[in-house]
Amino acid sequence: MKTFLLSLILCITIQIANGQSKLTTSQWQEDLEFLQKTIHDDYSFLFKKTSPEKLNAAVKMLHKEIPDLEDHQIIVGLAKIVSLFEYGHTSIGLSGWRERTQFDFHQMSYNLKQFSDGVFIQGTTTQFPRALGAKVLKIEGTDVDKVIETVRPIFPTENYQFFKAYGMSYLGNPEILHAAGITKELKKQLTLTLEKDGKIFDQTFEPIKEKKFPGQYTFVKEEGNWLDARDNSRDPLYLKHLDKIYFYEHLTEDNAVYIRHSQIQDDPEENIPAFYDRVFKFVEENEVEKLILDVRLNGGGNNYKNKPIVTNILRSRINKPGKLFVITGGHTFSACQNLVNELDNYTEAIFVGEPTGENINFYGDNRRVNLPNSNIPVFLSFAWWQDKPQWENDQWLAPHLAVESSFKQYTNNEDPALETILGFTSENFILDPMSYLTELYQSGQNEKLQTESVRMINDPAYKFFDFEDEFNQLGYDLLGRGDAQTAVAVFGFITQLFPDSANAWDSLAEASWKSGDKEQAIQLYNKAISMDPDGTVGDNAREMLKKIEAEK
């Protein structure tokens, strides 16, 4: 059984059980050493995206800095170390503004959401009406994009989608912002530079007094003295009936059934098997033309409860191309990642929206380990979930049709993902771009291959399809089979499509070398170095040049 406790991710302060008001330097260092030893002894399998050497270096640095740090800075330092693993289930229980404790973190009275056109104040209190719906330009004088870049390593993020969905609250936490260096001293208030109605202004916010924001799934709703930037008198379907885990609605004009399912748990009023039996009975009896399963808010639960969903779809006549759609987003995580993996593996579903918030294969199911002196809870994953072969693993499950929402669409209660599905036709839509382009290449349609590649790369519908990486993999497959000349042609094609990519030129250099053209390889490696002098591509190119020189 795999249960994802969303509160562990969304919370922003540490729960402490002991009664000490302040730990000594040696006690903090003992906690750090305990964490390091526990990871190495019992969780060394987590070293997939980072290395023991990087962990040890981070521990050594924090150990040295602890005497000069305040408690909240040490805690954030610990969180940053745990976040090196980049698994959302592996985290420190940062949950303090909900329960006021001695290591209290605070949350400012605004809720930020990132849309396709920027970061906006989705919710705030009646104390700051002017700020409601404003675009955030700066936080304490630092550009918001820079703040995100600085704060992101503290959050246990699997990909940027996950941070965008669950980590934006860190931008309202003064302890985290101070520990990250965004503010020079710990502040009791935060000032944001905002833009609204064509005017730019500063607004200073105070911490909230409530234990939590009103609302669900990271959206603030109008309740008490809280305001929402959208009109709450009517709801788009994805924000409708949020008191229910799932519901369905027949969209009569489009002869479609829409399901919003936002946890992999049984609703108290009707369990999952009974609900889906009822849904598919309706689908069959009413000859529904499209079925839309919306899991964009689904943060997981118990993945053993996925079976009735998948089996009902497999048995249904709706399981056909162009009839079955799944909406995903950054909140799609944990047991719901397992669900969409299974739907991708076994059904004819077309995925629409944004990428999921979790890696396709991932470490989930965590155990709680309390640090001995501070009693800070650390959650370390132990179960490897692999729904796809390792060569199909990726940072996320990407949609076939990319659809993002703007802030204006949010405030107008529009749902562009649903609108895209209802208006969907198969005309000019390529479900598997690489298979299509490969067929063009193999059939010798080089001119069409060029024009179609450029068209699709620039089509927003394929935004999350990594054309460069897919072509790159094809090139290396050819190299692996000993067909260096064809690989040169493929990598050369990639440099035409992505001329500003240092990696593309580096790959072409390798293929040229293996095809016997060392002089060409040297020129290309030097070009890659000039494009990425201080990065990993430049480092690799320099190593390859040394090997070429050694062969002479």
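Exactly one residue out of Thr311, Thr328, Thr356, Thr347 is surrounded by 24 or more Cβ atoms within 10 Å (Cβ to Cβ), closer than 27 Å to Glu284 by Cβ and modelled with pLDDT of 95 or more: that is Thr328.
Among the residues in the stretch 91-104, are any crowded, with 22+ Cβ neighbours inside 10 Å, under 21 Å from the mean Cα position of the chain (by Cα), at pLDDT 95 or above and not in a loop (DSSP other than H, G, I, E, B)? Scanning the stretch 91-104, I find no residue that is crowded, with 22+ Cβ neighbours inside 10 Å, under 21 Å from the mean Cα position of the chain (by Cα), at pLDDT 95 or above and not in a loop (DSSP other than H, G, I, E, B), so the answer is no.
Residue count for the stretch 337-361 satisfying the condition of being touching a Ser or Thr at 6+ places or on another chain (Cβ under 8 Å) and of a type outside the set (Val, Ile, Thr): 7. Within the stretch 24-47, not a single residue is modelled with pLDDT under 95 and not in a helix (DSSP H, G or I).
Pull out all pairs, ordered by first then second residue, where Cβ-Cβ is under 6 Å, the residues are six or more apart or on different chains, the first lies in the stretch 290-304 and is under 14 Å from Thr356 (Cα atoms), and the second is of a type in the set (S, T, N, Q) and assigned to a loop (DSSP other than H, G, I, E, B). Once the first residue is under 14 Å from Thr356 (Cα atoms) and sits in the stretch 290-304, its partners that are of a type in the set (S, T, N, Q) and assigned to a loop (DSSP other than H, G, I, E, B) give Val295/Thr332; Leu297/Ser262; Asn298/Ser262; Asn298/Thr332; Gly300/Ser334.
A quick yes/no check of all residues on (1) of a type in the set (Ser, Thr, Tyr); (2) at pLDDT below 95:
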site: Tyr363; (1), (2): yes, no
site: Asp387; (1), (2): no, no
site: Ala417; (1), (2): no, no
site: Glu452; (1), (2): no, yes
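The set of residues in the stretch 217-240 that are among the charged types (D, E, K, R) and more than 15 Å from Asn412 (Cβ to Cβ) comprises Lys221, Glu222, Glu223, Lys240.
Conditions (1) loosely packed, with under 15 Cβ neighbours inside 10 Å; (2) closer than 25 Å to Gln337 by Cα; (3) out of contact with any strand residue (DSSP E or B) (no Cβ under 7 Å at 6 or more places or on another chain); (4) at pLDDT below 95, marked per residue:
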site: Ile259; (1), (2), (3), (4): no, yes, no, no
site: Asp267; (1), (2), (3), (4): no, yes, no, no
site: Glu270; (1), (2), (3), (4): no, yes, yes, no
site: Val279; (1), (2), (3), (4): no, yes, no, no
site: Glu287; (1), (2), (3), (4): yes, no, yes, yes
site: Leu291; (1), (2), (3), (4): no, yes, no, no
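State which residue is surrounded by the fewest Cβ atoms within 10 Å (Cβ to Cβ) when the search covers only the stretch 429-452 and only residues that are out of contact with any helix residue (DSSP H, G or I) (no Cβ under 8 Å at 6 or more places or on another chain) and within 21 Å of Val326 (Cβ to Cβ). The residue in question is Ser435. Cβ-Cβ distances below 6 Å connect the following pairs, each with a first residue in the stretch 382-396 that is loosely packed, with under 15 Cβ neighbours inside 10 Å, a second residue that is part of a loop (DSSP other than H, G, I, E, B), and a separation of six or more residues or different chains: Gln386/Asn361; Asn393/Ile360; Asn393/Asn361. Quick one: in the stretch 199-239, which of the residues that are β-branched (Val, Ile, Thr) and at pLDDT below 95 is surrounded by the most Cβ atoms within 10 Å (Cβ to Cβ)? Within the stretch 199-239, the match that is surrounded by the most Cβ atoms within 10 Å (Cβ to Cβ) is Thr218. Asp534 fulfils the conditions (1) assigned to a helix (DSSP H, G or I); (2) farther than 24 Å from Gly482 by Cβ except for a single criterion, (1). Counting only helices (runs of 4 or more DSSP H) that sit wholly inside the stretch 387-487, not one has at least 3 residues that are touching a Pro at 6+ places or on another chain (Cβ under 6 Å). Please verify whether Gly322 is in contact with a Lys or Arg (Cβ under 9 Å, 6 or more places away or on another chain), over 30 Å from Glu30 (Cα atoms) and at pLDDT below 95, treating the condition exactly as stated. When the stated conditions are applied, Gly322 passes them.
Evaluate the following for Ala335: is it within 19 Å of Tyr462 (Cα to Cα), in contact (Cβ under 8 Å) with a residue 12 or more places away in the chain, out of contact with any Asp or Glu (no Cβ under 8 Å at 6 or more places or on another chain) and small (Gly, Ala, Ser)? No; evaluated as a whole, the condition is false for this residue.
The values are calculated or read from the model by the stated rules, or taken from the named source; none is laboratory data. Everything numeric here is computed off the predicted structure, so don't read it as measured data. Ideal geometry is used to build each Cβ from the backbone, glycine not excepted, and the neighbour counts take in all protein chains shown.
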